[in-house]
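Q: Let me give you the structure first, and then I'll get to my questions.
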Amino acid sequence: MDILDKELQTIKIIVGDSITKENLLFVDSFISDKLCIFMPVGGNCGYAISPKHTHPSYMFVLAYDNETTVYVQEKKFETSSNTLFCLSPEVEHQEVQNHIPPKYCAIFIDKYFFEEQLRIYTEKSIFFDSLVVDLSRSKLDSLIKDFIVESLNQHLSKEILLSNISTLIAHEIIRNIVNYEIQKFNNSDNIIINEAIKFINTHYEREIVVDDLARLSKISKSHFTKLFSQNMRISPMEYLKEVRLQNAKKMLLSNKLSVTKVSQQCGFNSPSYFTKSFKERFFQTPKEYTSRVK
């Protein structure tokens, strides 16, 4: 990925003043003022393998394989998949060049910005001397993807969003380091019903049974049916039928589709059942309805 001169200046501030474009020849780079992300592609980062180099910022390496070896002040460390390798500013280290291209994501966060976020969680200063943190329950990967997408965006919102995502990444890293316990979220009854209603209104043309809706809500069929009926004053299948009939009315108004076609596109098993259901609900057959609205 080609690096602009302006981007290189930001990289020098965060990664190190002696880094060059040539060092990043085999690296994808995603840059913001407070946080930079680097991912090797087909080879090592030239700066990473330079002996006893340091960074003015905090470095966090999310490993995707077990192939990367790093020496930190003469001590050898090997990465393992789905772990985060943490290093404080100005700590000498060196990545060992390997015959297999390394697969990791290196996150560099501005020293003062990171420490400002860290103080929200603890008043103690923490020195990361090759700390390794398990990320099996982390959403860091998702935030990294968001950062990469926005860094490639050319919209006026780019810098605002990158700043916000940088803050989220810093907090996600800190929370994993300090073992911050996030309160478990239990779906409220209202959210469960809203998700089911959204699914019905989006997929009403499909064959839908209560088991599908209960599985979506991650609760039992009987519990879901009771919950839905209490909240909506109608059963799930009655609500599905109502949605299908209301959409059928809209389609019939266009006068572009036959009754048979409308019944199929609204999820009814047969035109005769559709006609029967329509008449029960609106006191007229589909044909009578279309003739009256012409």
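Q: If residue 213 passes every condition in (1) free of Cβ contacts under 8 Å to residues at least 24 places away in the same chain; (2) surrounded by 15 or more Cβ atoms within 10 Å (Cβ to Cβ); (3) more than 30 Å from residue 137 (Cβ to Cβ); (4) of a type outside the set (Lys, Arg) but one, which one does it miss?
A: In the conditions (1) free of Cβ contacts under 8 Å to residues at least 24 places away in the same chain; (2) surrounded by 15 or more Cβ atoms within 10 Å (Cβ to Cβ); (3) more than 30 Å from residue 137 (Cβ to Cβ); (4) of a type outside the set (Lys, Arg), residue 213 misses (3) alone.
Q: Let me ask another. Quick one: what pairs do we get from the stretch 1-24, first residue part of a loop (DSSP other than H, G, I, E, B), second among the charged types (D, E, K, R), C-beta under 7 Å, 6+ apart or different chains?
A: Correct list of pairs: 1/28; 3/21; 19/12.
Q: If you go through the stretch 62-75 one residue at a time, do you hit one that is without any contact (Cβ under 8 Å) to a residue 60 or more places away in the chain, outside any loop (DSSP other than H, G, I, E, B) and crowded, with 19+ Cβ neighbours inside 10 Å?
A: Step one: filter the stretch 62-75 for residues without any contact (Cβ under 8 Å) to a residue 60 or more places away in the chain, giving 63-69, 71-75.
From the residues that got through so far, the ones that are outside any loop (DSSP other than H, G, I, E, B) too are 63, 69, 71-72, 75.
Within this subset, residues satisfying the condition of being crowded, with 19+ Cβ neighbours inside 10 Å are 63.
Looking through the stretch 62-75, at least one residue is without any contact (Cβ under 8 Å) to a residue 60 or more places away in the chain, outside any loop (DSSP other than H, G, I, E, B) and crowded, with 19+ Cβ neighbours inside 10 Å.
Residue by residue, here is whether (1) modelled with pLDDT of 90 or more; (2) on the phi > 0 side of the Ramachandran plot; (3) more than 35 Å from the chain's Cα centre (by Cα); (4) not polar (S, T, N, Q) holds:
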| site | (1), (2), (3), (4) |
| --- | --- |
| 201 | yes, no, no, no |
| 222 | yes, no, no, no |
| 227 | yes, no, no, yes |
| 240 | yes, no, no, yes |
| 268 | yes, no, yes, yes |
| 271 | yes, no, yes, yes |
| 277 | yes, no, yes, no |
| 286 | yes, no, yes, yes |
| 292 | no, no, yes, yes |
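Q: Quick one: what pairs do we get from the stretch 267-294, first residue free of Cβ contacts under 8 Å to residues at least 12 places away in the same chain, second assigned to a helix (DSSP H, G or I) and of a type in the set (A, V, I, L, M, F, W, C), C-beta under 7 Å, 6+ apart or different chains?
A: So the pair list comes out as 285/278.
Q: How many residues does the stretch 244-273 hold that are over 18 Å from residue 292 (Cβ atoms) and not β-branched (Val, Ile, Thr)? I'd like the intermediate steps shown before the answer.
A: In the first step, residues of the stretch 244-273 are kept if they are over 18 Å from residue 292 (Cβ atoms); the result is 244, 247, 260-261, 263-273.
Checking the rest, the ones that are also not β-branched (Val, Ile, Thr) come to 244, 247, 261, 263-273.
So the count comes out to 14.
Q: Right, something else. Specify which of the listed residues (257, 252) is crowded, with 19+ Cβ neighbours inside 10 Å and modelled with pLDDT under 95.
A: Numbers: 257 fails: crowded, with 19+ Cβ neighbours inside 10 Å.
The conditions single out 252.
Q: Sticking with this structure for a sec: Filter the stretch 239-294 for residues that are farther than 24 Å from residue 225 by Cα, of a type in the set (A, V, I, L, M, F, W, C) and out of contact with any Pro (no Cβ under 8 Å at 6 or more places or on another chain) and give the result.
A: Correct list: 251, 253, 257, 282, 283, 293.
Q: Of 100, 31, which residue is in contact (Cβ under 8 Å) with a residue 12 or more places away in the chain, among the β-branched types (Val, Ile, Thr), within 21 Å of residue 139 (Cα to Cα) and in the same structural domain as residue 167 (by TED's automatic domain parsing)?
A: Values: 100 fails: within 21 Å of residue 139 (Cα to Cα).
Every option except 31 fails the conditions.
The values are calculated or read from the model by the stated rules, or taken from the named source; none is laboratory data. Bear in mind that the values here come from a model prediction, so they are computed numbers and not experimental data. A quick note on method: Cβ atoms are made from the backbone with ideal geometry, for glycine too, and the neighbour counts reach across all protein chains shown.
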